[in-house]
Every structure is written in C-alpha cells, then in structure tokens.
Amino acid sequence: MATTIESRIQELGLTLPPIPGAAGSYEHAVLQDNLLHVSGGLSFSEGRSIKGKLGVDVSLEDGQEAARICLLNRLAVIQGAIGSLDRIQRIVSLQGYVQSAPDFVDQPAVINGASDLAIQIFGDAGRHARVALGAAALPLNAAVEISLVVSVRDEA
C-alpha cells in the first residue's frame, strides 16, 4: 500500500497545526484551474512561535525552524482547502520572506528549512522554484513568512 503524505508527516514526527482565522481581507487559499495559490503564513504554532529579526534576535537555526513551522502551517491550509495532501501533484513555487537585520544575507539558508522539509515530505514533487527575500519587518514581528503555489490533482 502506498504511503500517504499525512502518514509521511507523522513518520517524520510532525503534526499539522489547526488552521488560524484569516487576519485580514483575503482567502487562505484560492484554487484556479489546477493551481492552488496559498497565502502567506507566519512562523507561529501552538508549540512555538518564532519572532524577531534574523541577525539580531533570531539565530540561523531558529530561522530554519521558523521556516519549517511556516511550511507545516501552509500544508494545514492546503489540507483544509482540498481535503487531502495526496492531491498535491507538485509544489510549484515557494516564496519566503525573512525579517532581517540590514547586514543579514543568509535568507536562502533560512528558507532552506522549508524547502528541505518539502522535499523530505513530497520527494521530487517537493522540489520547487523559490524566492528568498529579506524584509525590514513582517506582520506581528514574525521571523519568517512563506506562501506557496501548488499543482493539484483532480479528485478521484
């Protein structure tokens, strides 16, 4: 029997968090044709919230953990939007924003936390195009924010 994405997440010792309410005038996810556009999610979870600037308040390792938290939050949103993570055909693109000190230049290494986890969970279907940018500030002082575009299979 094939392993489901949900069971793969459990095998990695991870769980998907509850989906938070939208914090503004937007949708968490919009499905257009077979592409699901997933709004940005912050580095907050029930177990740990990572806030502050990389290069000042937050270490590279904590920044990578913040990126992983963001990815899990976005996967929860996707599951809520399409019913099953097994409908993900591919993660097409990942946009990562890192709240950074002016001289911090390791944004790609921070966002690798999410990219590497996507590949661990989805294999080659987790490989994606990417943006990793620094930002002077992020909403609610989040260390990291991530949005996604995923290709979705039709329901069986």
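Every number here is computed from the coordinates shown, using simple stated rules; none is lab data. Please read all numbers here as calculations on a predicted model, not as lab measurements. When we count neighbours, we look across all protein chains shown, and the Cβ atoms used for this are built from the backbone with ideal geometry, even at glycine.
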Next item on the list: Nearest 5 is fine: what % of DSSP beta bridges in segment 39-156 come out antiparallel, could you say?
Entry: 60 percent
Item checked: Spatial separation of Cα centroids for segment 64-90 and segment 28-62, in angstrom -> 11 Å
Next item on the list: Return the inverse of the average 1/r over all pairs of distinct C-alpha atoms in the chain, which is the Kirkwood hydrodynamic radius, in Å to one decimal.
Entry: 15.5 Å
Check: Spin-label point model (7 Å from Cα, Cβ direction): what's the V131 to H37 distance in nm?
Finding: 1.2 nm
Notebook entry, point to check: Quick one: helix 60-82 against the long Cα principal axis of the chain, what's the angle to the nearest 10°, folded into 0 to 90?
Noted result: 30 degrees
Notebook entry, point to check: In the chain, which longest range has no trypsin sites (Lys or Arg not before Pro) that are both DSSP loop (not H, G, I, E or B) and surrounded by at most 15 other Cβ atoms within 10 Å?
Noted result: 49-126
